[in-house]
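*Asks:* Below: one structure in structure tokens.
FYI, it's all coordinate maths here, none of it is from the lab. Since we're looking at a predicted model, the values are computed, not measured. Backbone-built Cβ (ideal geometry, glycine too); neighbour counts: all protein chains shown.
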Amino acid sequence: MLKKNIFYQKPFRLLFSFLLVWFVLFEFVLVANGILPKPSSVYNSIKDIWGIYSFLPNILYSFGAITFGLVFSVLLIYFFRKVLLNKNIFTELIFAVNKLKHFIPVVILSAFIIFWFNNSVYIEYIFILIIGFIYLSGEMMLYSDRTKSEYILAAKSLKIIDKKINGEIKFKQLLPMLEESFLKLHFILWSVLITFEFIQHQWGFGKIIFDSLKYRDMPTLFVVALIIYLLISSGYFIIKFLFNRYVHWE
């Protein structure tokens with residue numbers, strides 16, 4: 001239990017240590033530098049950052065896209081669980097696409113999607129959802145051979161049909177195994193989201209980063225980096241908590 005508490009608190013301890021070093025070093029020692037902004041300049045810029053860059057709407061837009069992608073990916077996985085755990089054309093296609101889960105193909109695909117649907121507000125949400133669903137489907141299929149065969153054999157001996165076995169017994173065994181996959185997906189979605197928004201530069205964190213780089217606004221870039229770090233760390237904690245609390249088998 002102690003190890004888990006330390007593990008959960010580590011990202012926030014790291015952030016606190018960084019902020020402490022940053023405050024002392026860049027406020028009193030390296031006052032004039034081109035590395036990081038002074039804490040006082042960041043503090044004085046917060047009001048302008050909040051208004052000029054429409055911080056709250058952009059944060060909510062990006063956070064909403066991540067939440068939408070994760071939640072509805074799980075719902076789609078649950079809805080199609082019986083299909084995904086059987087070999088068919090649909091699963092073969094998903095498995096083939098899932099092999100292309102490297103970052104460069106996703107960036108290229110996002111560029112084309114932005115070109116085709118440049119004026120769409122919701123295309124980012126759909127894009128994140130598709131990536132989440134394909135990734136989790138592929139991971140679930142990879143782990144499907146690791147389920148305990150005795151439960152499946154017992155179910156077959158009771159003449160339970162294969163679809164019900166896959167949907168109820170096999171799927172529930174797979175859920176705890178997907179914890180690491182969810183944690184990886186959470187980070188992947190944030191990376192894809194920021195890249196997508198940066199290319200599109202119309203909404204979200206990507207737009208703020210694009211504008212702050214364009215105007216060489218270091219305080220804004222610094223604040224955005226801190227907020228993204230906090231959101232990713234908090235999301236990691238929440239996923240771990242949900243799996244430890246609600247996802248189990250036997």
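*Asks:* Determine, for each peptide in 182-188, 15-21, the mean count of other beta carbons within 10 angstrom over its residues, then list the peptides with the highest first.
*Replies:* Packing proxy ranking, top to bottom: 182-188, 15-21.
*Asks:* From the square roots a ≥ b ≥ c of the eigenvalues of the alpha-carbon gyration tensor of segment 197-238, which class results: rounded (a/c under 1.5), prolate (a/b over b/c), or oblate?
*Replies:* Verdict is oblate for segment 197-238.
*Asks:* Sort the following peptides by mean Cβ neighbour count (other Cβ atoms within 10 Å, averaged over residues), highest first: 128-140, 43-55, 208-220.
*Replies:* The packing order, highest mean first, is 128-140, 208-220, 43-55.
*Asks:* Between residue 226 and residue 112, with labels modelled 7 Å along Cα→Cβ, what's the label distance in nm to one decimal, could you check?
*Replies:* Label at residue 226, label at residue 112, 4.1 nm between them.
*Asks:* Taking 41 Å as R0, compute the FRET efficiency from the Cβ-Cβ separation of residue 44 and residue 240 and round it to 0.05.
*Replies:* Efficiency at R0 = 41 Å is approximately 0.65.
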